Structures are given as structure tokens and as C-alpha cells.
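Before any comments, here is the structure.
The values are calculated or read from the model by the stated rules, or taken from the named source; none is laboratory data. Please read these numbers as outputs of a predicted model, since none were measured by experiment. When we count neighbours, we look across all protein chains shown, and the Cβ atoms used for this are built from the backbone with ideal geometry, even at glycine. Ligands, DNA and RNA are stripped out before the accessible areas are found, and what is left, the full protein with its side chains, is counted by its heavy atoms. Shrake-Rupley method; radii C 1.70, N 1.55, O 1.52, S 1.80 Å.
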Amino acid sequence: MTRNRVIAAVAVLSLLSLAGCGSGGEDDTATPTPGPPEVTGTPDPQQPGWVLSDLGGEVELDDGLRVSAKVGEVFVPDDFGSYDDGGRYALVVVSATNGTGAPLTLDGMVVECVVDGIPAERVTFDGITVAPPSAVDEGAEATWSEACSLGEGQGLEFGLGVGDRDAVWFMGAVEG
């Protein structure tokens, strides 16, 4: 990822938050997180640097990193506690297996949720989602979960970017 792309992405996110496009809830148990600079947009097979896969699939990148994403379940946060949110969310289980030959840092990882072609909110729920580790040792596998707001939508496109590698989009219909 180039420095100019990061600066441009930060500028766009700043403008969106100033325009009131961000989340402004008072509930501190659900924390929206911004979308990623590398994978922002609707997946396009012609876009250089993007790899497309089905939800539930696994992709091996050129350097030996293998990533997968599948929908573990569709849930309503109130089913698990008092989140004052009756919306539907997809719990996406993400896995990264490090076959790169060196320790892998996930600090610069970015995630994007798109539902039926429209960018959707990615949310962290205490006790429901699991944060990714900051690093994965060579030969090790890390698994974590993300929550994407579905609204009434059914088509989920889950984008994942790790460092300067190609961004991977996992796409498919979500039942439930």
C-alpha cells in the first residue's frame, strides 16, 4: 500500500465523518470501526490487486499466506445481551495461516463489509466478536471473528487486506 493511497483513504474517511456519514450511537458496547483503504469499494474482478473468492473459500496469496472467511452465523445482538440494536449481523469467522517463512504482523490489517453492493458497518461486540492477534508466527494459524451489519440484505462481500498484499474479497449469499 502506498503512502498516497493511505493519505487519500484517511482524507475520504475524515470527510465522511464530517458529513455525518459515520455512526454516532451512545452505546459504548458496540464500537463501529472504519473501513479499509485497500479494499474500499465494490469488488471488481478487473481491479488490480484484488483477489475474489466465495464465502467459505480459502485463498493462498503469492507469499504463502492463506486466508479464509465464512459466515459462522447470522445473529441479532439482543439475542446475546442488551445492545439496544435489533439489526441483523453476519458473524464472519476469519482464518489466516502463515506460510510466508517469517512472522506475520496483522497490525496494518484492514477489513471492509459490503452488503448488496452498499458499504456496510463493521461492528465489534463484547462477548460476540473476537479481535485478531497482532501477529502470527511462521506456520501458525490465527482465527478471529468480525461482525458485518446486514440490514435486510442477503449478499455479503467481505474484504480483507493484510499489509501490502493483494486484498481478498469473499463473496456470497447469507441465509438467516
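Restricting the range 112-136 to residues that are in contact with a Leu (Cβ under 6 Å, 6 or more places away or on another chain) and part of a strand (DSSP E or B), which is nearest to D54 (Cα to Cα)?
Per the stated criteria, the residue is V115.
From the set of residues in the range 146-176 that are of a type in the set (D, E) and assigned to a loop (DSSP other than H, G, I, E, B), which is least open to solvent (accessible area, probe 1.4 Å)? Walk me through how you get there before you give the answer.
The initial filter retains those residues of the range 146-176 that are of a type in the set (D, E), namely 146, 152, 157, 164, 166, 175.
Those left that are additionally assigned to a loop (DSSP other than H, G, I, E, B): 152, 164, 166, 175.
Values: E152: 164, D164: 124, D166: 68, E175: 146 Å².
Filtering first and then ranking leaves D166.
Examine the range 101-110 for a residue that is in a strand (DSSP E or B), modelled with pLDDT under 95 and under 13 Å from the mean Cα position of the chain (by Cα), and state whether such a residue exists.
There is at least one residue in the range 101-110 that is in a strand (DSSP E or B), modelled with pLDDT under 95 and under 13 Å from the mean Cα position of the chain (by Cα).
Being surrounded by fewer than 14 Cβ atoms within 10 Å (Cβ to Cβ) and under 13 Å from the mean Cα position of the chain (by Cα) is the filter here; which residues of the range 124-140 pass it? Steps first, answer last, please.
To start, the set of residues in the range 124-140 that are surrounded by fewer than 14 Cβ atoms within 10 Å (Cβ to Cβ) comprises 126-127, 131, 134-135, 137-139.
Residue satisfying the conditions is A131 alone.
Only one of (1) of a type in the set (V, I, T); (2) under 14 Å from the mean Cα position of the chain (by Cα); (3) open to solvent by 10 Å² or more (accessible area, probe 1.4 Å) is not met by V74, so which one is it?
Looking at each condition in turn, V74 falls short on (2).
Which of the residues that make up the range 86-100 are assigned to a loop (DSSP other than H, G, I, E, B) and either among the small types (G, A, S) or without any contact (Cβ under 8 Å) to a residue 40 or more places away in the chain (or both)? Show your work before the answer.
The initial filter retains those residues of the range 86-100 that are assigned to a loop (DSSP other than H, G, I, E, B), namely 86-88, 99-100.
Selection gives G86, G87, G99, T100.
When you look at T143, is it exposed (fewer than 14 other Cβ atoms within 10 Å of the Cβ), more than 14 Å from G161 (Cα to Cα), without any contact (Cβ under 8 Å) to a residue 60 or more places away in the chain and out of contact with any helix residue (DSSP H, G or I) (no Cβ under 6 Å at 6 or more places or on another chain), yes or no?
yes
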